[in-house]
Each structure stands twice: as C-alpha cells, then as structure tokens.
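A quick write-up on the structure given underneath.
None of the figures in this text is laboratory data; all of them are computed from the coordinates on show. Since we're looking at a predicted model, the values are computed, not measured. Glycine gets a Cβ as well: all are built from the backbone with ideal geometry, and neighbour counts include every protein chain shown.
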Amino acid sequence: MIEGVKIKKLRRLTDERGWLTEILRRDDEMFERFGQVYVTAAYTDVVKAWHMHKKQTDNMTCIKGCVKLVLYDGRQGSKTKGEINEFTIEDKSPLLVRVPPEVWHGFKAIGETAIIINIPTELYNYENPDEHRLPPDTDIIPYKWDLKPGLKHG
C-alpha cells in the first residue's frame, strides 16, 4: 500500500425503505479536516486522470456504478515511491480511499456512468487551484489505461 493511503470498507444499511451509508464522520480515524464535499460523474469507459494536489488530501468513494481508482506514488523520498495501487469501488460494496497529498490519482468508470463523492481537506481555490494534471497516457506514470478511442479522457 502506498505510504499515507488508507482505506475503509463502508457499511450499507439496507431495509425495505432503501439504504444509508455513512462515508466520513468527524470522529472517524480517517478524518483530518473538512474543506468541502463534491460529487462528480464519469461516463462509461471514460478515464479521468491524472491529477494530484500539493496540500490537499482526498477522501473518495463511488456511490453509483463502479470505478477503478488508480494511485501512483511519485513522491521523492517516499518509502513507496514508484508504487501503484488499484481499487475497484462500486456502490454495492463501497470503499472509502484516502489519497494523501502529492499522490497522483485517477479513475475510470466501468460498465455504466459512475458517481463519485470526494471529501477533500481543503477548500477549492478558484484563483490559485491546488491541482496539477498529467494526461492519462503520460510516460511519467508507468500505468496503461485502456483508453477507448473517440471518448474525451483526462
């Protein structure tokens, strides 16, 4: 496991009315601080990669559909530099993944449109975003996505 990455299986409480899943609580050992919460969608077979943050920790889960979340540790001085982690996260067996600062990450929707919630530790700064990007087919990260031609990736 990449240094600083944490995972937590989420419990889905289901009854005849529907279901409920707690994602992150203030008293959770994974909780660091609150910046904001946002939801994003990825269409089938679309890759949203690569990006990383210098200050921000991301706490990500998939609440609809299925995604392959991939992390790459390119940090100088990290004990796990060069390591890749892959997580398959789906709505029926949700998983929360904590992505520390400076770890490159991205995801691909598998099978249908996927809905992802992220709870970052920092508020998004529109004037000076803490967001660094590489294209999904970069040679800097030794990972090959199955990029479907004709789809917008990145």
(message) If you average the alpha carbon positions of the range 4-69 and of the range 96-124, how far apart do those two centres end up, in angstrom?
(response) 6
(message) Test of understanding: given the chain, find the longest segment containing no trypsin sites (Lys or Arg not before Pro) that are in a DSSP loop and have at most 16 other Cβ atoms within 10 Å.
(response) 93-143
(message) Could you tell me the extents of the range 6-133's C-alpha atoms along the three principal axes, largest first, rounded to whole Å?
(response) 50, 34, 33
(request) Please report M1, M30 as a ranked list, fewest other C-beta atoms within 10 angstrom at the top and most at the bottom. (result) M1, M30
(request) With 26 Å as the limit, write out which pairs from K6/K68; K6/K148; K81/K152; K79/K152; K6/K152; K55/K152 have Cα-Cα distances beyond it, or answer none. (result) K6/K148; K81/K152; K79/K152; K6/K152; K55/K152
